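Q: Got a structure for you, questions after.
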Amino acid sequence: MMDCSFPLTLDPILKERVWGGERLAGYGKDVPRGASIGESWEVADLPEDHSVVATGPLAGQRLGDLVAGCGAGLLGAARPAPAGGFPLLVKLLDARENLSVQVHPDPAYAAAHPPAVSKTESWYVLEADAAGSLFNGVRPGVTHQDLAAAVNRGSIVDLLDRKPAIPGDLHHVAAGTVHALGAGVMVAEIQTPSDTTYRLYDWGAEYGRPPRELHIDDGLAAVHLDPPPPPVEALSGAGGSRLLIDTDDYRITEHRPAGTRVGFGGEEPAACRIVLVVSGSVTIGSRVGGFDDLTVSKGGTVVVPAAIVGSVTVDAVAATFLEVRPALRHRRPDRGSRRAAGGL
């Protein structure tokens with residue numbers, strides 16, 4: 001059995017995208033000058049993309065291999081992915097240009113259309129230009145017939161619900177929701193482990209992009225017109241901790257501890273955590289001295305195994321970080337279930 005009794009730092013997987021830029025360099029990523037890096041996959045366990053442990057005794061090991069090799073020491077009470085791997089995919093996204101208008105399938109549609117895999121995601125806005133916006137869902141009253149006609153005309157953008165991108169806001173994108181990340185926006189994306197995307201529009205005329213494949217039939221068939229929940233708005237003023245969203249796939253908590261120490265104990269049975277530093281830097285330590293302190297700067301992401309989650313402390317000064325916990329084994333996924341503080 002592998003020893004997972006220390007925090008796991010992972011090598012980021014950088015993805016070049018037609019809509020990407022260079023701003024992920026400001027989050028500690030090795031972005032070549034002039035590159036179009038749209039995504040940094042911080043935690044991944046997909047068939048063709050595997051996070052690898054960067055440092056420590058398990059350096060070079062794949063995250064997916066640790067799910068089996070560490071047993072309950074890694075996931076604990078967290079529910080594994082349907083295929084048995086790590087249950088979440090965590091990314092940082094830099095949208096220099098608008099992303100394609102797209103939709104991801106829900107579990108029922110994915111099951112009926114292999115090899116599709118369902119995908120639900122949430123965006124935490126890191127940065128945004130003054131005119132930066134998000135497209136999430138369609139405007140009230142839009143029907144499937146309206147949507148299909150607009151896709152065929154190339155005017156689907158006119159039917160989308162557009163909201164300003166404000167740093168610190170969280171937007172939830174349930175499976176089946178038509179959406180697009182707008183130009184000038186950077187987000188942390190927490191999602192179920194899937195890369196199944198159906199493109200409905202790709203802004204080819206606006207940006208002069210080379211044509212990419214669209215997936216009109218699958219995309220329209222997978223769409224749900226349920227309105228997305230309102231965003232959880234950023235807090236101003238004093239720090240603290242608050243639940244942002246609690247879905248049937250993951251729970252996200254924002255911490256702005258203002259010099260205080262945050263712990264993850266008190267939940268039984270214990271489940272692993274992901275710590276993602278949004279700003280500043282934090283120090284991850286142990287109340288029982290089981291491992292050396294680990295300093296994590298802006299853009300850094302760490303997996304805290306279940307075996308140590310009860311003894312871990314996070315010290316932060318002038319920092320903000322997200323705590324992500326996968327869903328527990330006794331909780332089954334159910335499209336549309338979402339609970340959050342701040343009106344979500």
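Q: Write down Rg/Rh for the chain, rounded to two decimals, with Rg from the C-alpha atoms and Rh from the Kirkwood relation over Cα pairs. List each step's numbers first, then the result.
A: Working: Rg = 19.6 Å, Rh = 20.5 Å.
Rg/Rh: 0.96.
Q: Then there's this: So what is the 222 nm mean residue ellipticity for the chain from helices alone, if each DSSP H run of at least 4 adds -39500 (n - 2.57) and you divide by all residues, rounding to the nearest 500 deg cm²/dmol? Numbers along the way, then the final one.
A: On the way: 6 runs with 38 residues, N = 344.
That comes out to -2500 deg cm²/dmol.
Q: Starting from the alpha-carbon convex hull of segment 127-192, give the projected area averaged over all orientations, in nm².
A: On the way: hull surface 20.0 nm².
About 5.0 nm², averaged over all directions.
Q: Moving on. What is the gain in length, in nm to one decimal, between Arg212 and Asp129 on full extension, counting 0.36 nm per residue of separation less the C-alpha to C-alpha distance?
A: On the way: separation 83, 0.36 × 83 = 29.88 nm, distance 2.64 nm.
Value of the extension gain: 27.2 nm.
Q: What does the convex hull of the alpha-carbon atoms of segment 1-76 project to on average, in nm²? Don't skip to the answer; put the middle values down first.
A: On the way: hull surface 23.3 nm².
Mean projected area of the Cα convex hull: 5.8 nm².
Q: To continue, here is another question. With θ taken as phi - 60° and the coefficients 6.51, -1.76 and 1.60, list the Karplus ³J(HN,Hα) couplings across segment 268-278 in order, rounded to whole Hz; mark glycine and proline as x.
A: 10, x, 6, 10, 5, 10, 10, 10, 10, 8, 8
Q: Could you pull out every Cys in the chain that lacks a partner Cys with its beta carbon under 4.7 Å away?
A: If one checks each Cβ against the other cysteines of the chain, Cys272 turn up with nothing under 4.7 Å.
Q: Summing +1 for each Lys or Arg and -1 for each Asp or Glu, what net charge is found among the other residues whose Cβ lies under 12 Å from the Cβ of Gly64? Write down the numbers at each step before the final one.
A: Working: positive: Arg62; negative: Asp45, Glu48, Asp49, Asp65.
For residues surrounding Gly64, the net value is -3.
Q: With no solvent and one equal point scatterer per Cα, compute the Debye intensity ratio I(q)/I(0) for segment 184-258 at 0.12, 0.22, 0.26 Å⁻¹ and report its log10, rounded to two decimals.
A: Relative scattering, expressed as log10 I(q)/I(0), comes to -0.61, -1.22, -1.35.
Q: Can you list the lysines whose alpha carbon sits under 16 Å from that of Lys298, skipping same-chain ones fewer than 8 residues off?
A: Lys29, Lys91
Q: Further question on the same structure: Shape verdict for segment 22-130, please, from the Cα gyration tensor: rounded (a/c under 1.5), prolate (a/b greater than b/c) or oblate. Before the final figure, lay out the partial values.
A: Working: a/c = 2.24, a/b = 1.20, b/c = 1.87.
It is oblate, given that a/c is not under 1.5 and a/b is not larger than b/c.
Q: Between the alpha-carbon centers of segment 177-227 and segment 56-130, tell me the distance in whole angstrom.
A: Cα centroid to Cα centroid, the span is 17 Å.
Q: Angle check, please: helix 144-153 long axis (alpha carbons) against the longest principal axis of the chain (alpha carbons), in degrees 0 to 90, nearest 10.
A: Around 70 degrees separate the two axes.
Q: For a test of the definition: using alpha carbon positions, the gyration tensor, and the 1.5 limit on a/c, classify segment 240-331 as rounded, prolate or oblate.
A: Oblate.
Q: Between Gln191, Gln102, Gln61, find the one with the highest GNM mean-square fluctuation for the chain; connect C-alpha pairs within less than 10 Å.
A: The residue with the greatest mean-square fluctuation here is Gln61.
Throughout, read-outs are computed from the coordinates displayed, never taken from laboratory work. All values derive from a computational prediction rather than experimental measurement. Glycine also receives a Cβ, built like all others from the backbone with ideal geometry; neighbour counts cover every protein chain displayed.
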